[in-house]
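Student: Before anything else, here's the structure in question.
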Amino acid sequence: MTPDELLAALADARDRPDDAAKVAELDRLVGYADAAGDLRLGVAARLALVEVHQQVDPWRMLPPVQWCLGAADQAPGTVDSADAHRLRRFHHEAVAAVCGTSRIGLARAGAALDDLERRLGSAGHSRRPAYALRCRIADHVGAESTARRWLARWRDAPRDAHGGCAGCEPADQARLLTGWGRWTEAIEIVAPVLAGTVRCPDQPERALGAVQLAYLRLGRYADAGDAHVRAYHRHRRERAGFPLLADHLRFCALAGHHRRGLDILARHLPELDRPYDEASALEFAAAGALLCRLAGAAGFARQPIHRPGYAERHAADLTVTALGTELTATAEDLAGRFDARNGTSHQSGRLAGWLAERPVPGPVPLPPDPPPDDWPTADASPTLDEWPTPDATPTPDTSPTPDTSPTLDASPTPDASSTPTADALPTPNESAVTVPPLDGRNPLDGAAVGDDGTAVDGGTVVPWGGEERVEVVGPLTVAAIVEVLRERADPHVLGPAGVVGGRWGGALIQFQRLGDRGEILHARVTAERRLPAERLAEAYEFCNAWNHDRLLPKAYVQDLGAGGLVLAGDVSTDLEHGVAAGQLAVLVNATLATGVAFAAAVAALP
C-alpha cells in the first residue's frame with residue numbers, strides 16, 4: 001500500500017462508526033504504516049485509533065499514546081502543533097483511565113503519570129493536571145490522607161491553558177470532598193460555579209449533582225432536592241452523564257423517593273451492560289443495590305422491573321429484591337477486580353459502606369420536574385406515576401418455618417476434619433439452607449416487637465425512609481448469619497456445630513461464632529488454588545505482602561503435609577455488645593468481598 005493509498009484508507013476509516021470493525025481497520029493501517037517505516041503515518045493512524053478507544057475502551061489508549069510520544073521525541077517533525085496538543089490531552093486521559101478500569105496496571109499508570117508531569121514541567125506548563133491525577137489515584141486506592149495532600153497541591157497550583165476546565169475541576173473536587181465526609185467544604189468549593197461566575201457548558205448541572213448528597217447530609221433538604229431535579233434533567237440524556245447517575249440513585253434511596261429512584265434505575269438499567277467504564281458500572285450497581293434494599297424495606301420488594309436481555313442473558317421481569325441481588329453481585333465482582341489490581345480492600349469496603357447507608361427522616365421535598373422533552377422510555381418498565389403505592393408495611397414472608405432450626409447456643413470450634421471440602425459446598429444450581437424470619441420477631445435474634453413499634457425485649461428504633469423501623473441490637477446468632485446470606489440469595493450450607501459455609505468465586509468461606517458466649521463473628525477464607533510444597537517461601541512472601549497492604553483477611557499458609565499448601569485468611573469481629581441486622585450484613589458483605597479478592601490474588605500467582 002502506497003502512502004497515498006494509506007492516507008485515503010485512513011480517511012475512509014475515520015468516517016466509520018466507532019466500533020470493533022473500525023478498530024480492526026485502524027489496527028491494519030497501523031501495521032502498514034509501521035511496515036513502511038513511515039513515522040508520520042504511524043502517528044496519524046494511532047491518533048485515529050486513540051480517538052476510537054477514547055469513546056469505546058479508554059483503557060486501550062495508553063500503548064498507542066506512548067508510541068506516539070516516543071515517535072515525537074525521536075523525530076519532532078512528525079507531530080505538528082495541533083497534534084502535539086491532542087497528544088498531550090490524550091496522554092492525560094490515558095492515565096486518568098486507570099481509575100476507571102482494572103485492566104491497567106498501577107505501576108504502568110504511575111510511570112505514565114511521572115512522564116506526563118515531566119513533560120508538563122519541561123514545556124513550562126503548570127503541573128496542575130498531574131497533581132489532579134495523583135489525587136484521584138490516591139483516593140481510588142484508599143490512601144485518603146495522601147489524596148488530601150495532593151488535593152491541596154492541585155488547588156494551589158497555577159492554572160494555564162493545560163490546567164483543566166475551571167468549571168469542571170470544582171465539581172470533581174466537590175465529589176471527592178463529599179466522599180470524605182467534608183460536606184460543607186464541598187459546597188463551598190462549587191459556590192462560584194453555582195453563582196455563575198465560573199462558566200462551563202457542563203455547569204451548573206455537574207456541580208449540582210456533585211453536591212446533592214452533601215446538601216442531604218447537612219440537612220439542607222430543599223437545596224438537595226433542587227440540585228437532584230435540575231442535575232438529573234440533564235444527566236439522563238447524555239452518555240457522559242452515566243458516571244453521575246449513581247449519586248442520583250443514592251439521593252433517591254436516602255431521601256425516601258423510592259418510586260422515583262426505581263423509575264430512574266429501570267430507565268438506565270440497559271446502560272449498565274455497556275457502561276462508560278468499570279468504575280461507573282461499579283458505582284451504578286452499588287447505588288442501585290442500595291436503592292433496591294431500601295425500596296424493598298419500604299414495601300416495593302415484589303414490584304417488577306424489566307431488565308432487557310444482553311449477550312447470553314435473557315430478558316426478564318425481576319422483582320426489586322431479585323434485581324438488588326444481581327446488582328450487588330455485579331458491584332462486588334467489579335470491586336474485587338479493582339482491589340485485586342490495587343492490592344487494597346478499599347473498593348470493597350467503600351461498597352459495603354454504601355450498601356449500609358441509612359436514609360434521612362421523611363421524604364425530602366422535590367420541586368416539579370422540568371418538562372420531560374426527550375425523557376427516555378423503557379418499553380416494559382412502568383413510569384414514575386405507574387408505580388403502585390406500597391402498603392404501610394411490607395408483605396411478610398409467609399414461607400413455613402422448618403421443623404429443625406440451627407441452634408442458638410454457642411458452638412464449639414470444629415476441628416479440621418469437619419471443614420467441608422470444595423465439592424461439599426453448594427454451587428449456584430444447588431439449593432441452599434434458608435431460615436425464614438420468625439413471625440412477629442426480628443430475624444436477628446427473635447426479639448419480639450410490640451404494637452407500638454418498640455422492641456419488647458429491648459432494642460433500638462431506627463428511622464427508615466420516613467417510617468419507624470425496629471433495628472434490634474442483640475446477641476450474635478447462627479440464624480442471623482444465615483438470614484444475611486438468605487437476603488443476599490447466596491447458596492450456602494449449614495454444617496456441624498453451626499458453621500455456615502459456601503463458595504464465592506474462587507474462595508471457600510465459612511462463618512461461625514467463637515468465644516465463651518458465641519459473641520465473636522469469625523470467618524475463615526480458603527483459596528481454592530493450592531500451591532506445591534516447594535513454593536513455601538513464595539507463599540509466605542505472598543501472605544506477608546497481603547498483610548502489609550490489606551486490612552482483611554489476615555492471611556497465612558497451612559501445610560497439609562501431603563505436598564500441598566493452603567493459603568487461607570481469617571476475619572474476627574468482637575460483638576460482645578450485640579449487633580443489629582444491618583450491621584451484621586455490612587460485616588458479612590465486607591468479608592465476602594475481601595475474601596473473593598484474596599482468592600483472586602492467589603489464583604493470579606504464577
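The values are calculated or read from the model by the stated rules, or taken from the named source; none is laboratory data. If you're wondering where the values come from, they're calculated on a predicted model, not measured in any experiment. Note that we place each Cβ from the backbone using ideal geometry, even for glycine, and neighbour counts take in every protein chain shown. Surface areas here come from the heavy atoms of the whole protein model, side chains and all, with no ligands, DNA or RNA. Shrake-Rupley method; radii C 1.70, N 1.55, O 1.52, S 1.80 Å.
Student: Report whether or not residue 214 is farther than 19 Å from residue 140 by Cβ, touching a residue at least 60 places away in the same chain (Cβ under 8 Å) and either among the hydroxyl-bearing types (Ser, Thr, Tyr) or buried (at least 19 other Cβ atoms within 10 Å of the Cβ) (or both).
Tutor: When the stated conditions are applied, residue 214 does not pass them.
Student: Right, something else. Give me the pairs: first residue in the range 140-151 and in contact (Cβ under 8 Å) with a residue 24 or more places away in the chain, second residue open to solvent by 30 Å² or more (accessible area, probe 1.4 Å) and hydroxyl-bearing (Ser, Thr, Tyr), beta-carbon distance under 7 Å, and six or more apart or on different chains, which are they?
Tutor: none
Student: Let me ask something else about it. Looking at 134, 108, which one is open to solvent by 40 Å² or more (accessible area, probe 1.4 Å) and more than 21 Å from the chain's Cα centre (by Cα)? Spell out the reasoning first.
Tutor: Details: 134 fails: more than 21 Å from the chain's Cα centre (by Cα).
Within the list 134, 108, the selection yields 108.
Student: Taking the range 271-322 as the region of interest, how many residues are open to solvent by 40 Å² or more (accessible area, probe 1.4 Å) and touching a Leu at 6+ places or on another chain (Cβ under 6 Å)?
Tutor: Matching residues across the range 271-322 total 0.
Student: Then there's this: Evaluate the following for residue 602: is it crowded, with 20+ Cβ neighbours inside 10 Å, part of a helix (DSSP H, G or I), at pLDDT 90 or above and hydrophobic (A, V, I, L, M, F, W, C)?
Tutor: Against the criterion (crowded, with 20+ Cβ neighbours inside 10 Å, part of a helix (DSSP H, G or I), at pLDDT 90 or above and hydrophobic (A, V, I, L, M, F, W, C)), residue 602 qualifies.
Student: Can you pull out every residue in the range 176-227 that is polar (S, T, N, Q) and part of a helix (DSSP H, G or I)?
Tutor: 178, 184, 212
Student: Test residue 156 against the stated conditions and say whether it is open to solvent by 60 Å² or more (accessible area, probe 1.4 Å), more than 23 Å from residue 241 (Cα to Cα) and more than 27 Å from the chain's Cα centre (by Cα).
Tutor: The answer is yes for residue 156.
Student: Further question on the same structure: Quick check on this structure: which one of 306, 257, 314, 268 is under 21 Å from residue 234 (Cβ atoms) and over 20 Å from the mean Cα position of the chain (by Cα)?
Tutor: 257
Student: Filter the range 233-258 for residues that are out of contact with any Lys or Arg (no Cβ under 9 Å at 6 or more places or on another chain), closer than 17 Å to residue 360 by Cβ and assigned to a helix (DSSP H, G or I) and give the result.
Tutor: Scanning the range 233-258 gives 249, 250, 251, 258.
Student: Separate question: When you check residue 242 against the structure, is it within 26 Å of residue 177 (Cβ to Cβ), modelled with pLDDT of 95 or more, of a type outside the set (A, V, I, L, M) and open to solvent by less than 10 Å² (accessible area, probe 1.4 Å), yes or no?
Tutor: no
Student: Quick check: anything in the range 262-270 open to solvent by 10 Å² or more (accessible area, probe 1.4 Å) and either in contact with a helix residue (DSSP H, G or I) (Cβ under 7 Å, 6 or more places away or on another chain) or not in a helix (DSSP H, G or I) (or both)?
Tutor: The initial filter retains those residues of the range 262-270 that are open to solvent by 10 Å² or more (accessible area, probe 1.4 Å), namely 267, 270.
Checking the rest, the ones that are also either in contact with a helix residue (DSSP H, G or I) (Cβ under 7 Å, 6 or more places away or on another chain) or not in a helix (DSSP H, G or I) (or both) come to none.
No: zero hits.
Student: Further question on the same structure: Does residue 102 fit the bill of being in contact with an Asp or Glu (Cβ under 7 Å, 6 or more places away or on another chain), touching a residue at least 40 places away in the same chain (Cβ under 8 Å) and small (Gly, Ala, Ser)? Spell out how you get there, then give the answer.
Tutor: On the way: in contact with an Asp or Glu (Cβ under 7 Å, 6 or more places away or on another chain): yes; touching a residue at least 40 places away in the same chain (Cβ under 8 Å): yes; small (Gly, Ala, Ser): yes.
So residue 102 passes the test.
Student: Could you please give the count of residues in the range 279-316 that are acidic (Asp, Glu) and modelled with pLDDT under 95?
Tutor: 1
Student: For residue 230, are the conditions met, namely being in a loop (DSSP other than H, G, I, E, B), basic (Lys, Arg) and over 21 Å from the mean Cα position of the chain (by Cα)?
Tutor: Details: in a loop (DSSP other than H, G, I, E, B): no; basic (Lys, Arg): yes; over 21 Å from the mean Cα position of the chain (by Cα): yes.
Answer is no for this residue.
Student: Is it the case, given these coordinates, that residue 78 is more than 25 Å from the chain's Cα centre (by Cα), among the polar types (S, T, N, Q), open to solvent by less than 30 Å² (accessible area, probe 1.4 Å) and at pLDDT below 95?
Tutor: In short, yes.
Student: Residues in the range 115-128: is at least one touching a Leu at 6+ places or on another chain (Cβ under 9 Å) and within 22 Å of residue 280 (Cα to Cα)?
Tutor: No; the residues of the range 115-128 include none that is touching a Leu at 6+ places or on another chain (Cβ under 9 Å) and within 22 Å of residue 280 (Cα to Cα).
Student: Another question, if that's okay. What number of residues within the range 471-481 are touching a strand residue (DSSP E or B) at 6+ places or on another chain (Cβ under 6 Å) and open to solvent by less than 30 Å² (accessible area, probe 1.4 Å)? Before you say what the answer is, go through the steps one by one.
Tutor: Going through the range 471-481, the residues touching a strand residue (DSSP E or B) at 6+ places or on another chain (Cβ under 6 Å) turn out to be 471-473, 476, 481.
Next, from what is left, pick out any that are open to solvent by less than 30 Å² (accessible area, probe 1.4 Å): 471-472, 476, 481.
The total comes to 4.
Student: Looking at (1) within 22 Å of the chain's Cα centre (by Cα); (2) in a loop (DSSP other than H, G, I, E, B), which is the only condition residue 285 fails?
Tutor: So residue 285 meets the others, but not (2).
Student: A further question follows. What residue, of 35, 8, is open to solvent by less than 60 Å² (accessible area, probe 1.4 Å), more than 26 Å from residue 131 (Cβ to Cβ), more than 36 Å from the chain's Cα centre (by Cα) and at pLDDT 90 or above?
Tutor: Checking each option against the conditions leaves just 8.
Student: Same structure again: Is one or more of the residues making up the range 112-128 modelled with pLDDT of 95 or more, under 25 Å from residue 185 (Cβ atoms) and in a helix (DSSP H, G or I)?
Tutor: Checked against the condition, which is being modelled with pLDDT of 95 or more, under 25 Å from residue 185 (Cβ atoms) and in a helix (DSSP H, G or I), the range 112-128 yields at least one hit.
Student: Same structure, new question: How about the range 49-59: which of its residues are assigned to a helix (DSSP H, G or I) and surrounded by fewer than 20 Cβ atoms within 10 Å (Cβ to Cβ)? Break it down stepwise before answering.
Tutor: The initial filter retains those residues of the range 49-59 that are assigned to a helix (DSSP H, G or I), namely 49-55, 58-59.
Scanning the range 49-59 gives 51, 54, 55, 59.
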